[in-house]
Every structure is written in structure tokens, then in C-alpha cells.
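This report concerns only the one structure given below.
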Amino acid sequence: MTLKLPNANFFLLKNSVFKTLCQEIIKLDSSIRSAGITNEDGIILHISHRKGIKPLLSSEERAQYAITAATRQFTRLRWEVLLGKIQYASSHYSKLIRATIPITDENRRLTFVIILSLDPGTDNFHEIIVEKVIPLIKQKKSDLVKS
């Protein structure tokens, strides 16, 4: 049996979609520090940072954070049957606000996780996520889940 892998154009197309989405999220609001996307295993596919931002975590720490964030989102999804669809989860640190948004397929299986960081003290972070970020993700979802 021969394993058939997608051609290089598939990976270039996907990378372009991930990069474009992250860059568009950054532009939604001046309090968004960074936007990243991981696959269901927490492997970082792309990260964009607001101009002038120095990341607080090293690339290794970001990779570790992404894996744990995807694992937590996966765990949260199993409670949706009882609690309803999850929009996002957030953590408030003294140096930033971190939010994760699950992207699922038609069977509610985790396919991607968006990881956002916002400036600390962003009082309207809920509105930014619900009124700006999530609508953009919904608009771009078909581009993300194509295979």
C-alpha cells in the first residue's frame, strides 16, 4: 500500500489561509497583541503579532502553550452536549489576556484552535472576541476546513 500525501500546493495554500486569517484578526482591534492558529494537536500553524510587540514567551514556550491550549479545548468540547456550544475560553494574566477559540467540523470534532492575546486591562475583550473575531472566523471557516 502506498501512502499518498497532498502536493506542495496544498501546503502552500493552507499556509496562506492561516497567515491571512491571523493577519486579519490582528487588524480587527488595536488591543489584539497576537493571533495564532494550531491544528487539533496544538501544533502551531501560524502566528502573527501586532507591529512593535515583543512576545512574552519564547518559541518553545509558545509551542508548549499551544499544545496545552488545544488539549483544554478538546476537553471542553465533550461538555457541549450538556452545557451548550463553547464560544471561547479566556485567561487573565497580569501581562496579557489570553483567549482560545475552538474551530470544529460538522461533527463537532476539533480541527483548529485560534489563540489570541490582548493587552492587559482590555475591558471590552468579550465584545472584541464575540463581535469581531468570531464573525471573521465564521466567515473564513470554509477556507480552513477544506481538504
Checklist entry - Roughly speaking, to the nearest percent, how much of region 47-136's 1.4 Å accessible area is carbon and sulfur? => result 55
Checklist outcome for this item: Relative contact order of the chain (C-alpha contacts under 8 Å, at least 6 apart) in percent is 24
Next on the checklist: Under a Cβ-only charge scheme (Lys and Arg +1, Asp and Glu -1), can you give me the dipole magnitude of the chain about the Cα centre, in debye to the nearest 20?
Outcome noted: 220
Next on the checklist: What do you get for the angle between helix 134-145 and the principal long axis of the chain? Use alpha-carbon atoms, 0 to 90 degrees, nearest ten.
Outcome noted: 20
Item to check | Sum of -39500 (n - 2.57) over DSSP H runs of 4+, divided by residues of the chain (222 nm, nearest 500) | outcome: -12500 deg cm²/dmol
Checklist entry - Between D119 and S16, what is the spin-label point distance in nm, taking each point 7 Å from the Cα along the Cα→C-beta axis? => result 3.4
Checklist entry - Taking only pairs that are 8 or more places apart or on different chains, how many Lys pairs in region 20-147 have Cα atoms under 19 angstrom apart? => result 15
Checklist entry - Which FRET efficiency value, to the nearest 0.05, is calculated for D105 and H126 with the Förster distance at 30 angstrom and r the Cβ-Cβ distance? => result 0.70
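The values are calculated or read from the model by the stated rules, or taken from the named source; none is laboratory data. Note that this is a predicted model, so its numbers are computed, not measured. Please note: Cβ atoms are built from the backbone with ideal geometry, for glycine as well, and neighbour counts cover all protein chains shown. Ligands, DNA and RNA are stripped out before the accessible areas are found, and what is left, the full protein with its side chains, is counted by its heavy atoms. Shrake-Rupley method; radii C 1.70, N 1.55, O 1.52, S 1.80 Å.
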